[in-house]
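See structure below.
The values are calculated or read from the model by the stated rules, or taken from the named source; none is laboratory data. Here the structure is a predicted model, which is why all the values come from computation and not from measurement. Reconstructed Cβ throughout: ideal geometry from the backbone, glycine too, with neighbour counts over all protein chains shown.
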Amino acid sequence: MKWVTFISCLLLVSFAESKHLPRKYRDTVSQGDAEMPNRLINLVVQWSKDVHDTITRASELPPDDFAGIAMILYSQSAQQATYEEVHKLMDDIVALAKKCGADEHSDPECGKPLHTVFLDEICHEQEFANKHGFSDCCAKADAERNECFLAHKNATPGFIPPYQKPSADVACAKFAENKNEVLGHYIYEVSRRSPFAPVATVYKSTAAYEHVLTSCCAKEDKGACFQEEAPPVKKQLMEDLAIQKHVCAVMKKFGVETMQGLKMAQLSQKFPKASFETISKLTGDIVHIHEECCKGDTLESMLDREKLTKYVCSHQNEISSKLSACCEKPVVERGECIVHLENDDKPADLSETVREFVDNKEVCQHYADNKNQHLAKFLYQYGRRHPELSPQLLARSTRGYEELLDECCATEHPETCLPKGEGLLKKHISDTMELVKTRCDHYAQLGGYLYQNELLVAYTKKAPELSFKDLQKYTGQFRDVAAKCCKMDDAHRLTCAEGYADLAIGSICQSHEENHINKQICKCCSDNYFKRRPCFSELGVDPEFHPVAFDPALFTFHGDYCDAKEEEQQSMKQELLVNLIKHRPTISNEQLAVATVDFVTMVTKCCAVENHVECLTEERPKMIEHIKTALGE
């Protein structure tokens with residue numbers, strides 16, 4: 001039984017006390033006069049105060065706000081439905097809400113749970129249900145019916161065809177004509193392609209898109225403005241979706257307990273004044289919210305997140321002195337604000353060390369009496385003292401402490417054995433810090449392109465089975481980690497680097513789950529989540545890979561290198577580099593340097609003459625022979 005299992009057991013009480021709220025939706029907009037997103041700001045608060053979840057609750061909301069809730073719900077549930085079909089479902093449930101608001105006894109639907117009514121609207125439209133494959137779900141009882149609808153959600157890339165973006169002029173004309181209709185279409189398109197996305201993610205992206213439209217449609221050169229301002233909105237949306245997918249993949253592979261351990265480490269750092277019991281409760285609630293989103297129940301996830309935010313803001317004195325600014329924001333902004341909140345100051349009376357976990361004569365007895373609680377408290381106490389360390393490192397340190405206790409408590413004199421743990425812990429922290437410093441120094445010296453080349457050499461050796469495009473994508477992610485994190489101060493650099501590197505490694509591991517890469521990658525991805533990053537760092541050449549036979553075609557440019565844009569030239573050179581490594585995974589730095597010099601000499605010579613193609617055709621065989629000689633072939 002691993003130490004994190006204790007957290008799971010401890011939180012059963014929290015889960016039992018936290019009555020899961022009824023399913024309700026928000027964060028979209030329909031036709032009408034409503035301003036998006038301002039009309040929806042207080043929506044979740046209004047709903048969360050009510051203990052009942054019938055459709056009559058909607059009578060307290062402006063019709064456009066309730067319509068927005070229905071839009072996002074139906075877009076995520078009926079992904080292949082047209083906008084018009086979703087709009088009809090939305091209109092029908094809005095009409096029902098109005099009817100029930102006037103007389104709660106006017107229709108049997110008025111007294112049913114809200115999530116039941118939402119699904120009833122789909123099932124009552126028999127032609128719609130048959131068309132979109134929901135007939136089997138509609139034949140089930142309520143709880144099973146909801147699970148069935150969730151099971152129909154499909155986030156597979158390509159399940160929904162790529163969105164055809166309108167031109168800047170067309171988008172702005174429609175925005176001027178009906179702002180809310182344009183934003184409603186945006187939410188519909190995002191939601192149907194991201195059925196597991198947290199509602200807050202869709203909301204944030206829609207608000208950002210609205211800002212782009214407002215800004216660019218006022219410019220003379222609308223197209224240029226969109227090209228500059230729209231990509232960051234898409235990039236942020238993709239990053240948010242990737243994080244959610246990563247969380248789900250980790251919980252599926254390593255269990256809920258692993259995510260609880262990670263969240264406990266994060267929360268101990270963020271809220272060092274909070275008690276162990278409070279941190280445990282918050283941990284359980286957050287992981288439960290992730291569980292709901294991972295199974296597609298984004299409504300429950302949203303409402304439980306709001307409830308958790310409300311709890312945090314009503315217990316500020318017990319949790320953090322820095323919460324007031326976030327808790328004064330509109331409700332839909334509070335959660336995101338708290339997520340990005342700076343760590344609170346450590347309590348003034350907090351000791352610098354956790355010597356009681358080593359020096360106390362009762363340590364082994366505490367460990368024997370309640371192993372998991374003892375380890376969880378170590379994680380909490382060490383985390384609240386070290387906000388500069390990454391949550392992953394904290395969890396690894398806790399695992400190291402567990403191994404130390406297993407070793408020392410089995411001896412006759414554990415008091416002479418346990419103190420060595422402090423030195424081991426300091427070494428691991430020092431080694432991790434040094435690794436990040438080395439990577440950042442390389443990035444500063446080489447720049448983004450050459451730094452990625454260095455990564456390409458390393459990862460082609462580790463995973464030569466991957467295609468060039470995949471290797472380029474993953475090493476590009478690691479390059480972006482350096483670009484983002486290396487400029488941070490010592491208090492934030494390690495958390496940033498390990499956190500984003502974990503996402504990149506997670507991408508490789510998700511790819512491995514779909515298509516086996518090799519045994520050593522499999523081992524790193526499967527053994528221990530918290531040790532994945534060190535495992536990947538220590539990997540060398542794949543011992544089972546059979547090098548690719550030398551083929552001159554692998555060193556042929558596709559297209560005219562000399563006339564290509566710089567970015568295209570860099571990609572061509574990187575593909576040649578990968579091909580060379582796949583042919584000779586054990587290539588030495590000296591041999592690699594020879595190949596690099598030969599290549600640069602060739603392209604410099606040929607790109608300086610008028611007939612580039614003819615020159616490259618003549619010089620390429622010479623370069624290849626020289627490289628083969630350097631390789632001893």
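Structural remarks
- In summary, helices (runs of 4 or more DSSP H) completely within the stretch 222-294 and bearing 3 or more residues that are within 27 Å of Q316 (Cα to Cα) and either among the aliphatic types (A, V, I, L, M) or more than 16 Å from the chain's Cα centre (by Cα) (or both) occur at 256-270, 276-294.
- Taking (1) in a helix (DSSP H, G or I); (2) of a type outside the set (S, T, Y); (3) within 26 Å of M488 (Cβ to Cβ); (4) at pLDDT below 90 in turn, E352 satisfies each apart from (1).
- Residue check for L554: assigned to a helix (DSSP H, G or I), at pLDDT below 90, of a type outside the set (D, E, K, R) and surrounded by 12 or more Cβ atoms within 10 Å (Cβ to Cβ): yes
- Only listed residue being assigned to a loop (DSSP other than H, G, I, E, B) and of a type in the set (S, T, Y), chosen from T586, T601: T586
- Test: residue in the stretch 162-170 that is over 29 Å from the mean Cα position of the chain (by Cα), in a helix (DSSP H, G or I) and buried (at least 19 other Cβ atoms within 10 Å of the Cβ): yes
- Qualifying residue in the stretch 209-217 (condition: buried (at least 22 other Cβ atoms within 10 Å of the Cβ) and touching a Leu at 6+ places or on another chain (Cβ under 7 Å)): no
- For K469, the conditions (1) part of a helix (DSSP H, G or I); (2) surrounded by 14 or more Cβ atoms within 10 Å (Cβ to Cβ) are fulfilled apart from (2).
- Here P387 clears all of (1) over 29 Å from I581 (Cβ atoms); (2) in the same structural domain as K531 (by TED's automatic domain parsing); (3) of a type outside the set (G, A, S) except the condition numbered (2).
- For the stretch 441-456, a tally of residues being crowded, with 18+ Cβ neighbours inside 10 Å and out of contact with any Ser or Thr (no Cβ under 6 Å at 6 or more places or on another chain) returns 3.
- The residues on offer are V358, V339, and the sole one that is within 24 Å of the chain's Cα centre (by Cα) and among the β-branched types (V, I, T) is V339.
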